[in-house]
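Undergrad: Let me give you the structure first, and then I'll get to my questions.
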Amino acid sequence: MRILAAGVLAVFVAVGCSGPSDDVFGAELYESSCAHCHGSDLAGGIGPALGPGSNAVTLTDEQIVDVIRIGPGSMTSFGNRFSDAQLDSLVEHLRLEQGS
């Protein structure tokens, strides 16, 4: 059972490690790179909630970018897989969804 669980986790990590194409932004970028852990509705799942009322609302835009790049804890590190424009669009999408 542990081997199966490890295999499933490896698949999720592999999906999270694949970088998006250079022309994916905002909601599409979130859906392709973040939603499988944080939920399509930002309500959380494997990863914490990012939507309204979540702790993510209290973070600055720069802190969100740092979290995406560093991947603290068990989160996948996206390092430099996203361009600055993609990161900006991702933060803009999160803020829009958070009502900020």
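Undergrad: Can you give me the accessible area per residue for the range 27-100, using a 1.4 Å probe, in Å²?
TA: 55
Undergrad: May I pose another question? Going 7 Å from the Cα of Ile70 in the Cα-to-Cβ direction, what parts of the range 80-100 have a backbone nitrogen less than 15 Å from that spot?
TA: 80
Undergrad: According to a simple spin-label model (label point 7 Å from Cα along Cα-to-Cβ), what is the distance in nm between Asp41 and Thr58?
TA: Here the modelled spin labels are 2.4 nm apart.
Undergrad: Then there's this: Considering only DSSP states other than H, G, I, E and B, which GluC sites (Glu not before Pro) in the range 57-100 qualify as loop sites with at most 10 other Cβ atoms within 10 Å?
TA: Listed in order of number, the matching sites amount to none.
Undergrad: Assign unit charges at the C-beta atoms only (+1 for Lys and Arg, -1 for Asp and Glu), then state the dipole size of the range 25-100 relative to its Cα centre in Debye, rounded to the nearest 20. Please report the intermediate quantities before stating the final value.
TA: Values: 3 positive and 10 negative charges, 48 e Å.
Rounded to the nearest 20 debye, it is 240 debye.
Undergrad: Arranged from highest to lowest average of other beta-carbon atoms within 10 Å per residue, in what order do the peptides 69-81, 40-52 appear?
TA: 40-52, 69-81
Undergrad: On to the next question. For the range 41-100, just say rounded, prolate or oblate: build the C-alpha gyration tensor, square-root its eigenvalues into a ≥ b ≥ c, call rounded for a/c under 1.5, and beyond that prolate if a/b exceeds b/c, oblate if not.
TA: oblate
The values are calculated or read from the model by the stated rules, or taken from the named source; none is laboratory data. Keep in mind that this is a model prediction, so the values were computed, not measured. Neighbour counts are summed over all protein chains in view; Cβ atoms, including those assigned to glycine, are modelled from backbone coordinates with ideal geometry. The accessibility values were calculated without ligands, DNA or RNA, using every heavy atom of the protein model including side chains. Shrake-Rupley method; radii C 1.70, N 1.55, O 1.52, S 1.80 Å.
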